[in-house]
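Below is one structure, written out as C-alpha cells; comments come after it.
Every number in this text was worked out from the coordinates using simple rules, so none of it is lab data. Worth saying up front: this structure is predicted, and the values here are computed from it rather than measured. Cβ placement follows ideal geometry from the backbone for every residue including glycine, while neighbour counts extend to all protein chains displayed.
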Ligand SMILES: C[S@@+](CC[C@H](N)C(=O)[O-])C[C@H]1O[C@@H](n2cnc3c(N)ncnc32)[C@H](O)[C@@H]1O
C-alpha cells in the first residue's frame, strides 16, 4: 500500500542529504547493534519529511537507548518537540530465558547504560522516561490526553502485548502521524503467540479504514489517514454467517 514516505530513489535525486543527518554515534555504549546495523539507515531515509518539525514522539521499548538516542539527535531539533520513552528496563522474554542470556544482554546494568547514553544527547531535556510496563504507562498517557506524531512499538514481543501497545496508543496518534512496528519478521519462539507478527497482522486488518502501511525490511511503517470507513452490507442470506468449519479451531 502506498504512503507519503519518500522512496530511496527520491532521496537519491535529492542529493542524498540524509547521509549528513545523523550525529556521531561513537559517543554511545551499546552492547547490541540491532538499531545501528539493521534499522538506522531505513529510519534516516523514511523520516526525512519529519526533520525540523515540532514532533511529539512516543517510544515503547528503549533497551539501552539506541533508538532513543537516534530520535533525540534527529527528530528533536524543534524547541517544542518531546520524546516519551517507556521501558521496564527488565528485558523481554527473549532476554530473560536464563541467567546466561540475561548476562549476555547485560540486564543488570541496562537502565544505567540507557541513562548514560541519553545523557550524551544535546536534547536529553526533551526526554521523559516512564519506567513501567507499557500496559500501565499507556493507560496513564491516555488519561493525560497525550497525543503523538510518531509512535515506535518495540517493547514486549509477545503477540498480545504488541497488540495491546498498538491498540492503546493508536487513538493517541494524530491523523497523518506515523506508527512503526519493529520485528515483523522476527521468530524468536516457535509459537505464534510469542512473536509480534500475528499481532501486527491483526492490528493492520482491524484498523484498515484508518491506515496505510508499508513493509520496510523487518519493520512495518504505518501512516494514520482520515477514517475511510465504508462498510458494504452483506445482503446474501447464503453467506450471512461465517462457515463454522472454516478458520480458527477454538
Ligand atoms: C527490543 S528492546 C528495545 C530496543 C530499542 N527500541 C532499540 O532499538 O534499541 C525491548 C525493550 O522492551 C522492554 N520491555 C519488554 N516488555 C515490556 C513491557 N511489557 N513494558 C515495557 N517495556 C517492556 C525491555 O525491557 C527491553 O528494554
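At the listed q of 0.12, 0.13, 0.17 Å⁻¹, the Debye profile of the chain, built from one uniform point per Cα, gives log10 I(q)/I(0) equal to -0.73, -0.85, -1.43.
If you take the beta carbon distance between residue 143 and residue 109 as r and set R0 to 45 Å, what does 1/(1 + (r/R0)^6) give as a FRET efficiency, to the nearest 0.05? Numbers along the way, then the final one.
Working: r = 32 Å, r/R0 = 0.72.
FRET efficiency, residue 143 to residue 109: 0.90.
What does the C-alpha gyration tensor say about the overall shape of the stretch 98-204? Classify as rounded when a/c is under 1.5, otherwise prolate if a/b is larger than b/c, or oblate. It comes out oblate by the Cα gyration axes. Based on the Cβ-Cβ distance of residue 98 and residue 246, what FRET efficiency does E = 1/(1 + (r/R0)^6) give at R0 = 41 Å, to the nearest 0.05? About 0.50, to the nearest 0.05.
Looking at the chain, what % of its DSSP beta bridges pair antiparallel, to the nearest 5?
The answer is about 35 percent antiparallel.
If you look at the Cα atoms of the stretch 50-154, you get an Rg and a Dmax of 14.2, 43 Å.
How do 142-149, 71-78 rank on mean C-beta neighbours within 10 Å, highest first? Don't jump to the answer; show the numbers that get you there.
Working: 142-149: 13.4, 71-78: 20.8.
For the peptides 142-149, 71-78, the packing ranking is 71-78, 142-149.
Taking every alpha-carbon pair under 8 Å whose residues sit at least 6 apart, the stretch 157-250 reaches a relative contact order of 30 percent.
Relative contact order, whole percent, for the stretch 116-188 stands at 33, derived from Cα pairs under 8 Å and 6 or more residues apart. The sum of -39500 (n - 2.57) across all DSSP H runs of n ≥ 4, divided by the residue count of the chain, sets its helix-only mean residue ellipticity at 222 nm to -7500 deg cm²/dmol. Fully extending the segment from residue 41 to residue 189 would add 50.6 nm, taking 0.36 nm per residue of separation and subtracting the current Cα-Cα distance.
The stretch 149-192 and the stretch 70-131 have Cα centres lying 17 Å from one another.
Inter-label distance, residue 136 to residue 175: 3.6 nm, where each label sits 7 Å from its Cα along the C-beta direction.
Note on residue 77 and residue 53: their simple-model spin labels are 1.4 nm apart, each label 7 Å out from Cα toward Cβ.
Got the relative contact order for the chain handy, in percent, Cα pairs under 8 Å and 6 or more residues apart? It comes to 17 percent, rounded to a whole number.
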